[in-house]
Structure formats: structure tokens, C-alpha cells
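Heads up, the thing below is written out as C-alpha cells.
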Amino acid sequence: MRAAIVEKIGEITIKDVPKPSPGHEEALVKISTVGVCHSDLHMVKGDWVKVPTPFPLGHEAIGIVEELGPGSEEFVKKGDRVILGLGGTAGAYWCGACEYCLAGKPMLCQRRIQLQGVFAEYFVVWAKALVKLPDEIENNEVPLACAGLTAYSAIKKLAKFGIQAGKTVAIVGAAGGLGHYGIQIAKALGYKVIGVDIGPEKLEFIKKMGADLAVDVSEAVKIVKEQFNGVNASIVFSSKLAGFELGLKLLKRGGVLVAVALPALSEGSFSINPFGFILRGFHIIGSLVGNVQEMRELIQLAADGKVKTHIGRIAKLSEINEVFEELEKAKFVGRAILEID
Ligand SMILES: [Zn+2]
Ligand SMILES: [Zn+2]
């Protein structure tokens, strides 16, 4: 079968590799579509930890279950259309018994195995990680698998801090792959949504996605402070440290900053002044992808028509290098997907 392999940092090759076969509790999925995520680009470029090469690429996929390994039949059937639903982390296996798994945080499980390598004709995956798709969800909704889930899990965490429907939330980096889901999900959960990004074209897109207000980065603090006295939460989907700093500045007292995007290591750290921070009662949390239950909830929201993927580019697997170049140069808005057949 064909698969996209990173042979050395900066280079993706489509290669012929052996078709995998499913082991205990595993299913073989024939891949229909895959989504291209920004973290794929970071991995190819070696921006984060250096992954030893060669490695297979891709962690957002929709496909059809073709073959079942022993013990998997309790969880999926042959012919089921499924989303490989946990994005870059915990999607291939988690233990189910440690303190993190039992607390609903399999992403923190020390025995978790990352889902990686769906840019291929076939992929073998732990059957318990699969989420079955209703007919309403089309194959090109595949970025729900990571980008959508990541946005959903980040916004769902607000309720734990008493930030319920009706409160005001800023989405920083609102026109991007994660941000455009963030707007729709926050609206579906009843929040008042302020989308923040750069330039008139992106602000127009943010309004189209349903934000109550779209503001440019350059005037976000002024407008948000004047009109709302700050926001209850900032969700940062921008992978620039400036986005984290802006998110903090937008908060009102007791506000929550949810950090989602992972900047390149070369960006360094962002600093917090403890004096202002303590007196104003901020919370800062990180949010990493999501879990299977959150994937099911998001699929339901999408099936109900409340969340829709904005596709900026559709290509074939063989065009993968062009798509990555375009992604790096931000040549399209929204997500890119690859059709595998
Ligand atoms: Zn991803
Ligand atoms: Zn565990």
C-alpha cells in the first residue's frame, strides 16, 4: 500500500509499504480522507521535539473498517464508517486503569500510544478509539478528528471554572483551522463569542463563522475592555507567543486562559507578572486534544448541523508536498484534506 513517510526532516515521500494486519482488539481501516494538521507541518520541519526518521505522517482520518482483529468485534463491525478520533495523542491506545485514564484524561496516561501515520491507504488502530459516524457527516469533515476535537475539549473545560452559557469568550486566532471550529462550538454551547485575528479578510470570515464580534489584534484590548470590561475566558489557538500575551490582556478578573496551540520551541516562553496575576485571580490551563467521549459529543453537534468544517484545499495523497508548501505560506483559509482513493 502507499503511505506518506518522512524520510528525513523536511522531506515527505510517498512509498510502497506492507499493508498492516490487525492484532488483538485492533481493526484495519481503509482510509477514505485525511486532514492535514499544522502539527504535521511542525513535525516535518522538526520544530518541536525531533522525531527520529523515518516516521509515518498524519493523525486525522475517516475510513471504513475492513478487517477485525480478535476481540475488536465488541467495539466495531466490518463496514462501519469511522473517524480515527483522538488526533495526535492517545488515539492509538491508553491503559484505562491509571489515575489519569479513570479521571477521563487518557491524554496524560503514561502508557498511551500516539496515533500517527494515517496518510496511507490502510491503518490499524485500537478498536476502542474509533468513533462511528452517522450519515450526516461527510468524509470531508475529517479535520473534526483533531482540530475539531481540540477546540471542543478546550471550550468544554470552561464549565469547570463556572464559565457557563451567556459568558463572554475570546477566540484568539479565530480564522485558523482550530479557531473556526472554536467559534462555532462556543456559539453552540451558548457563549458570547469575540473572534480575534489579523486583517479584514479574516475578520469577515470570523463573522461568517458566527462570532458575535470580530476584532483585529491591533485593537482587540481597547475594544474588549471598553465594550465588555474584559472577557471571562480567552482560548488561544494562535501558535505565536504574542497570542498568549494578548489572551491574558483580554481577561477580566477571575478569567481563564486556555492555551491550546503549541508554538515552535524557538519561540521560547511567555512571562507572567505574579503581582497582577494573583490580584486579578486568573487561571491558566493547557488543553491537549480530547478524549473519545468528547469526540462522540462533537460528532453529534456536527450531525445536528451546529459545526461545519471550512475546507480550503482538497488534494490527492500524491500532491502532499505541494499542500504542505501552501500550508506553510498560508495560501488557503481553513483546512486542507487529502483524498486517498
Ligand atoms: Zn492535529
Ligand atoms: Zn492510563
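If only residues of region 138-156 that are out of contact with any helix residue (DSSP H, G or I) (no Cβ under 6 Å at 6 or more places or on another chain) and more than 16 Å from ligand 1 (Cβ to nearest atom) are counted, the one that is most open to solvent (accessible area, probe 1.4 Å) is GLU138. All of (1) at pLDDT 95 or above; (2) hydroxyl-bearing (Ser, Thr, Tyr); (3) under 21 Å from the mean Cα position of the chain (by Cα) hold for SER72 with one exception: (3). PHE119: farther than 27 Å from PHE237 by Cβ and either within 16 Å of ligand 1 (Cβ to nearest atom) or not assigned by TED's automatic domain parsing to the domain that holds LEU265 (or both), yes or no? No, not satisfied. Looking across region 94-111, the residues that are within 18 Å of the chain's Cα centre (by Cα) and open to solvent by 40 Å² or more (accessible area, probe 1.4 Å) come down to LYS105, LEU108. Residues that are touching a helix residue (DSSP H, G or I) at 6+ places or on another chain (Cβ under 7 Å) and either away from ligand 2 (no atom under 11 Å from the Cβ) or modelled with pLDDT under 90 (or both) within region 75-95 comprise PHE75, VAL76, ILE83, LEU84, GLY85, LEU86, GLY87, GLY88, THR89, ALA90, GLY91, ALA92, listed in sequence order.
Here is the figure for region 33-68: residues that are open to solvent by less than 20 Å² (accessible area, probe 1.4 Å) and in a strand (DSSP E or B) total 9.
Can you pull out the residues in region 96-139 that are assigned to a loop (DSSP other than H, G, I, E, B), within 13 Å of ligand 2 (Cβ to nearest atom) and at pLDDT 95 or above? Within region 96-139, ALA97, CYS98 qualify.
Across region 237-259, a minimum of one residue is classified as open to solvent by 50 Å² or more (accessible area, probe 1.4 Å), charged (D, E, K, R) and touching a Pro at 6+ places or on another chain (Cβ under 7 Å). Of all residues in region 168-185, those satisfying the criterion of being open to solvent by 10 Å² or more (accessible area, probe 1.4 Å) and within 18 Å of the chain's Cα centre (by Cα) are GLY173, GLY176, GLY177, LEU178, GLN184. For GLU201, the conditions (1) surrounded by 24 or more Cβ atoms within 10 Å (Cβ to Cβ); (2) over 30 Å from ALA103 (Cα atoms) all hold with the exception of (1).
In summary, ARG313 fulfils each of the numbered conditions (1) open to solvent by 50 Å² or more (accessible area, probe 1.4 Å); (2) modelled with pLDDT of 95 or more with the single exception of condition (2).
Within the set ILE285, ILE272, ILE314, the sole residue that is in a loop (DSSP other than H, G, I, E, B) and more than 16 Å from ligand 2 (Cβ to nearest atom) turns out to be ILE272. Reported count of residues in region 74-93, each being within 16 Å of ligand 1 (Cβ to nearest atom), open to solvent by 10 Å² or more (accessible area, probe 1.4 Å) and touching a residue at least 40 places away in the same chain (Cβ under 8 Å), is 1. Screening ALA165, ALA159, ALA188 for residues that are surrounded by 15 or more Cβ atoms within 10 Å (Cβ to Cβ) and either within 16 Å of ligand 2 (Cβ to nearest atom) or small (Gly, Ala, Ser) (or both) leaves exactly one candidate, ALA188.
The values are calculated or read from the model by the stated rules, or taken from the named source; none is laboratory data. Just so it is clear, the model here is predicted, and its values are computed rather than measured. Glycine also receives a Cβ, built like all others from the backbone with ideal geometry; neighbour counts cover every protein chain displayed. Keep in mind that these areas ignore ligands, DNA and RNA; they rest on the heavy atoms of the full protein, side chains included. Shrake-Rupley method; radii C 1.70, N 1.55, O 1.52, S 1.80 Å.
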